Amino acid sequence: MSEVRVAGQKLVVEPGANLLDALQSAGLPVASSCRAGHCQTCLVRSESEAVPASARAGLSAAQQQAGWLLSCQCTVAADLEVQLLDPSRDATPATVHSVDRLAPSLVRLRLVAQRPMRFAPAQHLTIWLNDRLARPYSIASLASDPWLEFHIRVHPHGVFSQAISRVEAGETVHLGAASGHLQFDTQWLDVPLLLLARGSGLAPLQALARDALDRGHRQGIALWHWHSDADNGCYLGDALLELQHANPSLVLQFRHASQLSQDLKTLRIASRRTVALAAGSPSFVEQLRRPLFMAGLPGRQIIDEAFATSKA
């Protein structure tokens, strides 16, 4: 048996047990979301040499140097001493600027960080309501905007989304470090971009498109958005049409979700140099991979972000 020392407790766990499971089973406040090492909601800290390298894969050098690890990716193989993440100490406080409805089940949350944060538009970060309630969301704003913006799907029984949709201006939440590979690369300035979004997957991709245009992107950007009946069309349609009017190289396709399968059958790319970026549910992202490959794009030119499927 192995011993995990945490918050004044000694947990006895089976060798090979998952650290996140052990912590949550003991009733300790460790939030989680994707459980795949992607969202970084389940961070804890440990200086132990027994932490496997896989538990720190994907973390920044600064995070690794500070001892952070992904508890969902940590297999307990020996005794460990662990420190829990305390949002009030380890995260960045942010003031709620506004919350408004973009669609019946979709809210726009704008936050003002109380100290500078490093991020790229379209990356994601964790929003903490308290030490147990946290979820990752994509950044829908630019660094030049006066706030950080997020588009949050509100689920009928979603504890987090229901709570965050009711916060009021002036309240304080906490933000984790930004991460994720979905962001504009300046090496793409002369490369056509194909952006494919479903539902609130539009949040990061419209931010990426705006970022690319602000940086002087010189090739075409094709942005496709498939929406459901619940969103009453593309929820950012008017704003994107204004953006297109100012940037004729931006081509927009607003489509109903029922048209997705047929659209993918006829999908064409502007050039074999095209970079495709996709965001949406895991099933949506998976559905895109073969059509993009058949259209002539190698895997290295396809970048996707699959949102967590839990109705949070």
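Taken over the stretch 168-178, the criterion of being of a type in the set (A, V, I, L, M, F, W, C) and buried (at least 18 other Cβ atoms within 10 Å of the Cβ) is satisfied by Val173, Leu175, Ala177, Ala178.
Taking the conditions exactly as written (closer than 30 Å to Asp21 by Cβ and touching a Ser or Thr at 6+ places or on another chain (Cβ under 8 Å)), does Ala77 satisfy them or not? Break it down into steps so the answer makes sense when it comes.
Numbers: closer than 30 Å to Asp21 by Cβ: yes; touching a Ser or Thr at 6+ places or on another chain (Cβ under 8 Å): yes.
For Ala77, the condition - closer than 30 Å to Asp21 by Cβ and touching a Ser or Thr at 6+ places or on another chain (Cβ under 8 Å) - is met.
Kindly evaluate Arg135 against the criterion of being crowded, with 20+ Cβ neighbours inside 10 Å and in contact with a His (Cβ under 9 Å, 6 or more places away or on another chain). It is false that Arg135 is crowded, with 20+ Cβ neighbours inside 10 Å and in contact with a His (Cβ under 9 Å, 6 or more places away or on another chain).
Quick grid of which residues meet (1) among the aliphatic types (A, V, I, L, M); (2) closer than 25 Å to Gln162 by Cα; (3) crowded, with 20+ Cβ neighbours inside 10 Å:
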site	(1), (2), (3)
Leu19	yes, no, yes
Ala66	yes, no, no
Leu70	yes, no, yes
Gln83	no, no, no
Val99	yes, yes, no
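Any residue at all in the stretch 151-167 that is in the same structural domain as Leu125 (by TED's automatic domain parsing), within 13 Å of His124 (Cβ to Cβ) and touching a residue at least 12 places away in the same chain (Cβ under 8 Å)? Outline the logic, then answer.
Narrowing the stretch 151-167 to residues in the same structural domain as Leu125 (by TED's automatic domain parsing): 151-167.
This time we only want the ones that are within 13 Å of His124 (Cβ to Cβ), so: 151-152.
Applying the additional criterion that residues be touching a residue at least 12 places away in the same chain (Cβ under 8 Å) yields 151-152.
Within the stretch 151-167 (the criterion being in the same structural domain as Leu125 (by TED's automatic domain parsing), within 13 Å of His124 (Cβ to Cβ) and touching a residue at least 12 places away in the same chain (Cβ under 8 Å)), the answer is yes, since at least one residue qualifies.
In the list Thr126, Thr95, which residue meets the criterion of being assigned to a strand (DSSP E or B) and either under 18 Å from the mean Cα position of the chain (by Cα) or under 24 Å from Gly199 (Cα atoms) (or both)? Selected residue: Thr126, the only one of Thr126, Thr95 that is assigned to a strand (DSSP E or B) and either under 18 Å from the mean Cα position of the chain (by Cα) or under 24 Å from Gly199 (Cα atoms) (or both). Evaluation of Ser144 against the conditions (1) outside any strand (DSSP E or B); (2) of a type in the set (S, T, N, Q); (3) under 24 Å from Cys34 (Cβ atoms); (4) in contact (Cβ under 8 Å) with a residue 24 or more places away in the chain shows that the sole unmet condition is (3).
Table: residues versus (1) assigned by TED's automatic domain parsing to the domain that holds Leu133; (2) buried (at least 20 other Cβ atoms within 10 Å of the Cβ); (3) modelled with pLDDT of 95 or more.
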| site | (1), (2), (3) |
| --- | --- |
| Gly180 | no, yes, no |
| Leu195 | no, yes, yes |
| Ala203 | no, yes, yes |
| Leu213 | no, no, yes |
| Arg218 | no, no, no |
| Ile221 | no, yes, yes |
| Trp224 | no, yes, yes |
| Ser228 | no, no, no |
| Asp238 | no, no, yes |
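For the stretch 204-257, the set of residues classified as closer than 18 Å to Gln187 by Cα, of a type in the set (Lys, Arg) and not in a loop (DSSP other than H, G, I, E, B) consists of Arg210 only. The residues of the stretch 267-289 that are under 30 Å from Ser105 (Cβ atoms) and either free of Cβ contacts under 8 Å to residues at least 12 places away in the same chain or not small (Gly, Ala, Ser) (or both), listed by number, are Leu267, Leu277, Pro282, Ser283, Phe284, Val285, Glu286, Gln287, Leu288, Arg289. When Ala62 is tested against (1) small (Gly, Ala, Ser); (2) crowded, with 19+ Cβ neighbours inside 10 Å; (3) part of a helix (DSSP H, G or I), exactly one condition is not met: (2). Residue check: Arg118 meets all listed conditions (1) surrounded by fewer than 20 Cβ atoms within 10 Å (Cβ to Cβ); (2) within 20 Å of Arg153 (Cα to Cα); (3) among the charged types (D, E, K, R); (4) under 16 Å from the mean Cα position of the chain (by Cα) but one, namely (2).
The numbered conditions (1) part of a strand (DSSP E or B); (2) polar (S, T, N, Q); (3) under 19 Å from the mean Cα position of the chain (by Cα) are all true for Thr41 except (1).
The values are calculated or read from the model by the stated rules, or taken from the named source; none is laboratory data. Source: prediction; values computed, not measured. Virtual Cβ from ideal backbone geometry, glycine too; neighbours counted across all protein chains shown.
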